[in-house]
Amino acid sequence: MKEVLSNKNRNLIVIVLLLISCILGIIVCITNNSNEKLIFYSIGYIVAILSTCFIEKFKIISVPVLFSGFHFAFIGGSPIFKYLRLGEYCDEQYAIILFSYILFVFAYYMCELLFTKVKKLGTNKHSKQINISTYKILILLMWIASVVANIIFIIKGNFLNGNLETTRVTAMQGNGILVYLSWLGIIANCMYFELFLKKKGKLSTFIITSAITIILSLMLGYRSRLITYVLIILMMYNKTKKIKNFYVIIIALVGIIIVALLGILRANMSNLESNSLLNEILIILDNGSTNIQYMFDYFPEKVPFQHGSTFLINILMLLPGPDMDFTLWLKEKLNLTFAGGGVTPTLLGEFYINFNYIGVLIGFALLGIVAYYLQKYYSNSEKVFFSSLLFHQFVGSVRGGLGNIETNLLVFSIAYWGVYLISKKIKIIDDGGKNEENSII
């Protein structure tokens, strides 16, 4: 009875918080004072995030809460950080950011209320088990292929003797398959980490292969790979041994500092002017509003709406030819010439350049529904790695958009399921039947 009353109270709190956010959003729309817009927007946005936390009972490592964290860092909080750093207002952004996020939360919450009973995703006891030895060998081969691809990438791009930012971008063009192949080391290590969590892998092997993979990624100047790796590992660990919120917050703060330091290091290695640590952190956090404003300024006045075509750009990178990825394509369309990589549009910007403001609102509502089913899959599935991969790719799309994660997700899924299915069919080494128990990967 207490639990029922607790849930009723929680539901009431969520409804009240969302209503307050909506009212503040309406005030943002009708007031003409930029300072008031920013104040009401900030309060309304924080209240909306608080409603998400109540829905998930303040569990940070959950799909909607972590999505909200990324949303705050790269979309919702960016106008606030821009004002703190530069004193600039983003009047055009406040309402669409706030109402699209409210729709995300509302859609997720409605799914929680309407679909409360979800069957636990268990294991079919009659299904054929995988051969662990085969699985390990295939993971090793995938990891070796990735190391070779990274070394070829480094040599071909002349990374050790040139401007790191310019060289990294130049080397990517026309080498789509090599780029994605070089990513597979991260996936192989995560797949092996699942074996370790299920007491079928060695910690020493995981540490050695991880160290090599991280070093190669840093030599290529990719901060995103390091972030991807750490987040997936944390999500996997959390599935088996819940991580307390306090430690999640500490890890997040340390992670932001490390990412900023790597940005400063990359700038120094590229003969570019570097920032102070605090300024670099603020630039990372306010960059989203800058990129969103680019979208609003150029589409459709200078560049027509794309009607979904941007979702195909990275897919085409898998084909032979000098195709640019989505961020570089966007950088060219915006006539930007800064050194280094492309422009990350954020999810909001991506929906906008394809389907205008209505696309942003509908898109975030649909994302709320997807978040619900992803959360249930992550919570109930016994596939520790694959559920964590889907979790990460979803929240990671906040910064770069769906077009930037779809090819990664496709390649990584093919790699995982390929290894998984082959391990069910082929026995490379007879493990004496040891794979018959607890061998669900």
I'd like to know which of Ser78, Asn11, Pro64 lies farthest towards the positive end of the charge dipole of segment 2-114, counting +1 on Cβ of Lys and Arg and -1 on Cβ of Asp and Glu.
Asn11
Please find, in a Gaussian network model of the chain (springs between Cα atoms separated by less than 10 Å), the residue of His392, His307, His71 whose mean-square fluctuation is greatest.
His307
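With 21 Å as the limit, write out which pairs from Lys57/Lys198; Lys200/Lys241; Lys241/Lys376 have Cα-Cα distances beyond it, or answer none.
Pairs exceeding 21 Å: Lys57/Lys198.
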Order of Cys29, Cys90, Cys190, Cys22 under a 10 Å beta carbon neighbour criterion, fewest first:
Cys29, Cys22, Cys90, Cys190
Select from Ile422, Ile369, Leu282 the residue farthest towards the positive end of the dipole of the chain; place +1 on Cβ of Lys and Arg, -1 on Cβ of Asp and Glu, and compute about the Cα centre.
Ile422
What residue among Phe351, Tyr229, Ile292 has its Cα farthest toward the positive end of the dipole of segment 132-436, where the charges are +1 on Lys, Arg and -1 on Asp, Glu, each on the Cβ?
Tyr229
Likely footprinting exposure, Arg225, Arg85, fewest C-beta neighbours within 10 Å first
Arg85, Arg225
Picking from Tyr298, Tyr378, Tyr109, which is most flexible by a Gaussian network model of the chain using Cα springs under 10 Å?
Tyr298
In sequence order, calculated HN-Hα J values of segment 295-308 (Karplus, 6.51, -1.76, 1.60; Hz; x Gly/Pro):
4, 5, 6, 9, 10, x, 4, 10, 10, x, 4, 8, 6, x
Cut-off 10 Å between beta-carbons: net charge of the residues surrounding Thr290, Lys and Arg +1, Asp and Glu -1:
-1
Quick calc of log₁₀ I(q)/I(0), segment 232-322, Debye, one scatterer on every Cα, no solvent, q values 0.14 1/Å, result -0.93
Quick one: divide the alpha-carbon radius of gyration of segment 2-114 by 2.2 N^0.38 Å and tell me what you get.
1.10
Gaussian network model of the chain, springs between alpha carbon atoms under 10 Å - residue of Leu216, Leu366, Leu336 with greatest fluctuation:
Leu336
In deg cm²/dmol, rounded to the nearest 500, the helical mean residue ellipticity at 222 nm of the chain, built from -39500 (n - 2.57) for every DSSP H run of length 4 or more, is -24500 deg cm²/dmol
Student exercise, the chain dipole from Lys, Arg, Asp, Glu Cβ charges, in Debye to nearest 20
1960
Alpha-carbon radius of gyration plus Dmax, which is the widest Cα pair, for the chain in Å:
22.6, 74
Tally Lys and Arg at +1 and Asp and Glu at -1 over the other residues with C-beta under 15 Å from the C-beta of Ala371: what net charge comes out?
0
Between segment 350-387 and segment 24-45, the alpha-carbon center distance in angstrom:
27
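Readers should treat all values here as calculations from the given coordinates under stated rules, not as data from a laboratory. Source: prediction; values computed, not measured. Don't worry about glycine lacking a Cβ; one is built from the backbone with ideal geometry, like all the others, and counts go over all protein chains shown.
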